[in-house]
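Visitor: I'd like to ask you about the structure that follows.
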Amino acid sequence: MTYEVQPTTGDSSWFTHDRFGLFIHWGLYSLGARHEWLQSRERSSTEKYGGKYFKRFDPDLYDPELWAQLAHEAGMQYMIATTKHHEGFCLWDSKLTDFKAPLTPARRDVLRPMVDAFRNRGMKVGFYYSLLDWNHPHYTVDPKHPLRLDPAFIESSRQRDMSIYRSYLRGQTEELLTEFGKIDLMFYDFSFPEENGLAGKGKEDWGSEELVSRIRSLQPHILLNDRLQIGGDITTPEQYMPTRWVEVNGRKVVWETCHTFSGSWGYHREEDSWKSVEVLVKMLIDVVSKGGNLLLNVGPTGRGEFDERAVDRLKGIGSWMRRHSRSIYGCTQAPEEFVCPPDCRLTYNPQTNRLYVHVLSWPFKNIHLRGLAGKVEYAQLLHDASEIRMKEGFVPSGIEEGAFREGRDTETLTLSIPVKQPNVTVPVIELFLK
């Protein structure tokens, strides 16, 4: 059984199989180390912000091979890199601006070796591109701009021409889609409404219709997200966990939720609200159980390293994924006929016809699966392929010592589990369905 999902224009077959990706937020804000929006939060002009950080961007410890290795070992199957964030700084050698990595002390394109490292490990490659650009001379003031409260800047902004910026946006998109080989996904960010008397920005400002048409002509297979204010292939809830399969206009869609380890996307030295490995694994399971993908973000340091907290989490997730990825890759929401037991999540692989019970809180001795009697051929713990014995059916003469006391009925399958929880972050029971 498979669910009816809104078709995508781009190729989403790999995306709905792979389920788990890495987001990378890296730019000049990594040097500030206090949030990727620091320029806006601190209302810094282009001259002040760029003057401080641009001439000091020198990631001497940058090792994209190590980044790709850490992500691959964590079980991630694709990556999305911030080619340009809202600050306007470009990681690649764009011909359309001087505000780019090759003109900093880095003296090189830092995007290309990243793409090569991930691609060489068989991972899909996606690009994030900021629609906002606080550095471009023709990007007009809006509610997100660092100088949104500066009367002189607001007045001078009237002389700016967004059509020039639109051409720049399209030109850089063409560079990214013609100079780096096959790109599997483009993540544009973002449209927003008016606020405090300042106009927002949307599809007319970005030239979304023409932009998407050009993208499709260059790379027809590519997946696009939904933030250009016109329909995309992927719906992208951010920093929250949907309670069910995401729908648009009443139809299930291909979706992905993006999350940080803590609160910031860019490197934040003093942030201490980091999620545990257990929480992150449970988030991945929960998302897949609702038919979605998890995009988990790392913000590398100004010297080009994943900080030790990120490495710790990635290795912890990888330890779990090494033994349990079968319950993630190729899986989706279980058919509605399967009732999820308390404190569990179900995922289902329609190709292998296997159902996975992720046990978030380990119960005593039994897990009761309502409606599954007669439907399961074999059960095992996934991490070590050790058999889980099953009970089903109901014998009235055994009321005193059998099914009745266990809470079973003729429709219920009971799994007899060990009293002690297995030593894995989240135990998973693999059910081979008939």
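Visitor: Report which label in (1) 229; (2) 313; (3) 148 holds the value of volume of the Cα convex hull per residue in Å³ derived from the coordinates of this structure.
Guide: Correct label, based on the coordinates given: (3).
Visitor: Can you order the peptides 219-226, 349-356 by their average number of other Cβ atoms within 10 Å per residue, highest first?
Guide: Descending packing order for the listed peptides: 219-226, 349-356.
Visitor: Further question on the same structure: Could you tell me which of VAL246, ASN353, PRO342 has its Cα farthest along the dipole of the stretch 243-388 towards the positive end, charges placed at Cβ (Lys, Arg +1; Asp, Glu -1), taken about the Cα centre?
Guide: ASN353
Visitor: Could I ask something else about it? Round to a whole number: what % of the accessible area of the chain belongs to carbon and sulfur, probe 1.4 Å?
Guide: C and S fraction of accessible area: 47 percent.
Visitor: Just the accessible area per residue of the chain, please: how many Å² with a 1.4 Å probe?
Guide: 43 Å²
Visitor: Related question: Quick one: 3J(HN,Hα) in Hz for the stretch 341-358, Karplus 6.51/-1.76/1.60 with θ = phi - 60°, rounded, Gly and Pro as x.
Guide: Once θ is set to phi - 60°, the couplings for the stretch 341-358 become x, x, 6, 9, 9, 10, 10, 9, 9, x, 6, 9, 6, 10, 10, 10, 9, 8 Hz.
Visitor: Between the stretch 242-283 and the stretch 314-391, how many Å separate their Cα centres?
Guide: When both Cα centres are located, 22 Å separates them.
Visitor: What does the charge dipole of the stretch 1-51 about its Cα centre add up to, to the nearest 20 debye, if the Cβ of each Lys and Arg holds +1 and the Cβ of each Asp and Glu holds -1? Don't skip to the end; give the middle numbers.
Guide: Numbers: 5 positive and 6 negative charges, 74 e Å.
Around 360 debye, computed over the stretch 1-51.
Visitor: Counting helices only, and only those DSSP H runs with n ≥ 4, report the 222 nm mean residue ellipticity of the chain as the sum of -39,500 (n - 2.57) divided by its residues, in deg cm²/dmol to the nearest 500.
Guide: So the calculated ellipticity at 222 nm is -7000 deg cm²/dmol.
Visitor: Which lysines have a Cα less than 23 Å from the Cα of LYS182, not counting those fewer than 8 places away in the same chain?
Guide: Those lysines meeting the cut-off are LYS84, LYS95, LYS100, LYS124.
Visitor: Give the cross-link partners of LYS375 among the lysines, using a straight C-alpha distance below 19 Å as the criterion and excluding same-chain residues fewer than 8 apart.
Guide: Answer for LYS375, where 19 Å is the Cα cut-off: LYS391, LYS434, listed by chain and number.
Visitor: Restricting to bridges with both residues inside the chain, how much of the DSSP beta-bridge set is antiparallel, in percent to the nearest 5?
Guide: Here the antiparallel bridges make up roughly 50 percent for the chain.
Visitor: Any idea what the dipole of the chain comes to, in debye rounded to 20, about its Cα centre with Lys/Arg Cβ at +1 and Asp/Glu Cβ at -1?
Guide: Numbers: 54 positive and 59 negative charges, 73 e Å.
I would put it at about 360 debye.
Visitor: Among HIS259, LEU296, MET114, which residue has its Cα furthest toward the positive end of the charge dipole of the chain, with +1 on Lys/Arg Cβ and -1 on Asp/Glu Cβ?
Guide: After comparing all options, I get MET114.
The values are calculated or read from the model by the stated rules, or taken from the named source; none is laboratory data. These numbers come from a predicted model, not from an experiment. We place every Cβ from the backbone using ideal geometry, glycine too, and count neighbours over all the protein chains shown. Quick note on the areas: whole protein, heavy atoms, side chains included, nothing else; ligands and nucleic acids left out. Shrake-Rupley method; radii C 1.70, N 1.55, O 1.52, S 1.80 Å.
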